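Peer 1: After the structure tokens below, expect a handful of questions from me.
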Amino acid sequence: METTTKFKLKRRYKILTWLGYSSIAFFALFLISIIIIRNHSTGDWTAPWIVISLMTGLLLPLFAGMMFTFYAGFSRQRLLIYKKDIRVYRARQVATRVINLIQEDKMQEAVDLYISMKYYPEATLDDYLYGMLISRCQGSTIEKLQKVGQRKMDEVKEKFNPAKVEL
């Protein structure tokens, strides 16, 4: 999404939300004023032109407010999808760097970069990276990484032990 589109969506969201709530507030104000005027008047309120104008004055802002808030919600949803896509893009960049470090046998840097990325929006991406790191740490020539890889492998085995399943 381009920057101009993003700012247009933000502006549209703010304006439509403001218009929606203003229309609903106008509806409430108009309804209260009709009730007050009706209670203090002695005129005929059953004439067709009065009923039609009152119903139009009541229903038009109500439906307009609903439509404005509906379209504001649509704009907000597109902005939230855009934010999620940015998170996915950044996580994939980090994952690609981790994989490249694994291929270059820079395991400590790969582990540190993996740990620094706190949140992966795609669970499968996290699973793949975690599995790669465990297997490569276990087969590493550095004794510290071998111990960490073995410990993590044992934790995974224990977590997914089929004997723990109650049937």
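The values are calculated or read from the model by the stated rules, or taken from the named source; none is laboratory data. The structure presented is a predicted model; accordingly, all values stated were derived computationally and were not measured. When we count neighbours, we look across all protein chains shown, and the Cβ atoms used for this are built from the backbone with ideal geometry, even at glycine.
Peer 1: Could you check segment 110-167 and list, in sequence order, the residues that are more than 24 Å from THR96 (Cβ to Cβ) and at pLDDT below 80?
Peer 2: Listed by number, the residues that qualify are THR141, LYS157, LYS159, PHE160, ASN161, PRO162, ALA163, LYS164, VAL165, GLU166, LEU167.
Peer 1: Can you spot a residue in segment 34-49 that is over 26 Å from the mean Cα position of the chain (by Cα), outside any helix (DSSP H, G or I) and of a type in the set (Val, Ile, Thr)?
Peer 2: The answer is yes; a qualifying residue exists.
Peer 1: Which of the residues that make up segment 30-58 are touching a helix residue (DSSP H, G or I) at 6+ places or on another chain (Cβ under 9 Å) and not β-branched (Val, Ile, Thr)?
Peer 2: Hits for segment 30-58 are PHE30, LEU31, GLY43, ASP44, TRP45, LEU54, GLY57, LEU58.
Peer 1: Another question, if that's okay. Any idea which of (1) touching a residue at least 40 places away in the same chain (Cβ under 8 Å); (2) of a type in the set (S, T, N, Q); (3) loosely packed, with under 13 Cβ neighbours inside 10 Å is the one SER22 doesn't satisfy?
Peer 2: With respect to (1) touching a residue at least 40 places away in the same chain (Cβ under 8 Å); (2) of a type in the set (S, T, N, Q); (3) loosely packed, with under 13 Cβ neighbours inside 10 Å, SER22 is out only on (3).
Peer 1: Which residue out of ASP85, ASP126 is among the acidic types (Asp, Glu), buried (at least 16 other Cβ atoms within 10 Å of the Cβ) and part of a helix (DSSP H, G or I)?
Peer 2: None of the other options fit; the residue is ASP126.
Peer 1: THR69 - would you say it is closer than 30 Å to THR4 by Cα, touching a residue at least 40 places away in the same chain (Cβ under 8 Å), β-branched (Val, Ile, Thr) and in a helix (DSSP H, G or I)?
Peer 2: The answer is yes for THR69.
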